[in-house]
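First comes the structure, then the notes that go with it.
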Amino acid sequence: MLAVPARPVNQPTRGPGREKDRTAEGATSRFGPAAPPMVRASARDDADAIEACFAAGWTDGLPVVPPEEHVVARFLEAVGWDPSEIVLYEPVRGAAVHAGAIVVNAVMAGCRPTYLPVVRAAIRAMAHPDFEVHPATSSTGGPGPVLVVNGPIRNELGLNSGTNVFGPGNRANAAIGRAVRLVLWNCMGARTGELDNATQGWFGKYTACFAEREETSPFEPFHVRRGFQAEVSCVTVLAAESPHTVLTASGVGAEAVLLTASDVLGSLGSHSDGQGFLVLCPEHAQILVRAGWTIRSLQEHLFHASRRTIAELKRSGKLEGCIEPSDEIASRPRGRTPDDILVVHAGGDAGAVSAWIPTWARGRGSVAVTAPIDERDGAPVGSTPGPGNAPGLGDGRPR
């Protein structure tokens, strides 16, 4: 017997006589009762089970591990969760994500039981209002959840933070990111052509998870800058588009790194009020630190150096209205504050290749949320700026 995730309630039933989803107490909407933790199906063998998952639409297009009931039960026993607990409820579509469904999807994604707390923490982060889970899973802009893991759990699980950090070959990175995506696919209805109507999407919508390379970083760990203790393991989730490469020749000075990075951050194609991960490779990080740059000075410089004039933003359709003479001088930065440039250290030692991973929206869109892996360490922390941090205009000069 297989334990498989139920379809979200806002999806229409297909075919005559198909039963509606059962009710989860306290979670209802105009779409009907929220999806139950799981339903069950039969299969003769593993190959049949894999094909049954394909036929039912439970996969992301790649084969999944058949979620046999005894395996799911073993995973649940390992973490001690109540399978009926609702971890995320999205009222727009009336969809609930239960702890049991998280486990089923994690099994399907190829997770080990030890990965489950990271997957659950990522789902908790997406439940935070700042993440805006509904537009983040339904926009034509096609964002996908990008996970950054910090703290001791990186080494405990063997997460990759070094060579080929965004690439294949690491089970923890691949399975954790895929599990989060399968939860959205099976529990939230974020399926291609149904709720997810991305114009193009990107490959990270299969999986996008990596760890910060804290041990060799010249900077304070990212989660510490977000307010957590260094010994607290955390995951930060941002709905983002694909990485934009920040490539320089090896051995260049800080000026070349800053010029290239500001040009990438200022690209009209992704210029917005939103946030983004600036993932600095070790070589770029060391070049900047040797030249006296800190995280704060780097954020402030790039915030202003990536400005575009109001005229450019209007010509490109990013802003509406007629172009006034003053628009050729007045400018707007990328993001609302320098803190919207989320600096992370990751990548291999060889090469001068960093990445900018921005949010997708024309406006603010989803912003990053950091959740501790152990719920006893606190609640998820969002990124909503305080009063006075609205977008400003200026002369466009780097500061």
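General remarks:
- Taking Lys and Arg as +1 and Asp and Glu as -1, the other residues whose beta-carbon sits under 12 Å from that of residue 146 total +1.
- The spacing between the range 102-116 and the range 304-331, judged by their C-alpha centroids, is 47 Å.
- Packing rank of 254-265, 341-352, 138-149, where each peptide gets the mean count of other beta carbons within 10 Å, highest leading: 138-149, 341-352, 254-265
- Test item: Cα-centred dipole of the chain, Lys/Arg +1 and Asp/Glu -1 on Cβ, debye: 620
- When you count the other C-beta atoms within 10 angstrom of each residue and take the mean per peptide, 354-367, 316-329 line up highest first as 354-367, 316-329.
Readers should treat all values here as calculations from the given coordinates under stated rules, not as data from a laboratory. All values derive from a computational prediction rather than experimental measurement. With ideal geometry, Cβ positions are generated from the backbone for all residues, glycine too; neighbour counts draw on all protein chains shown.
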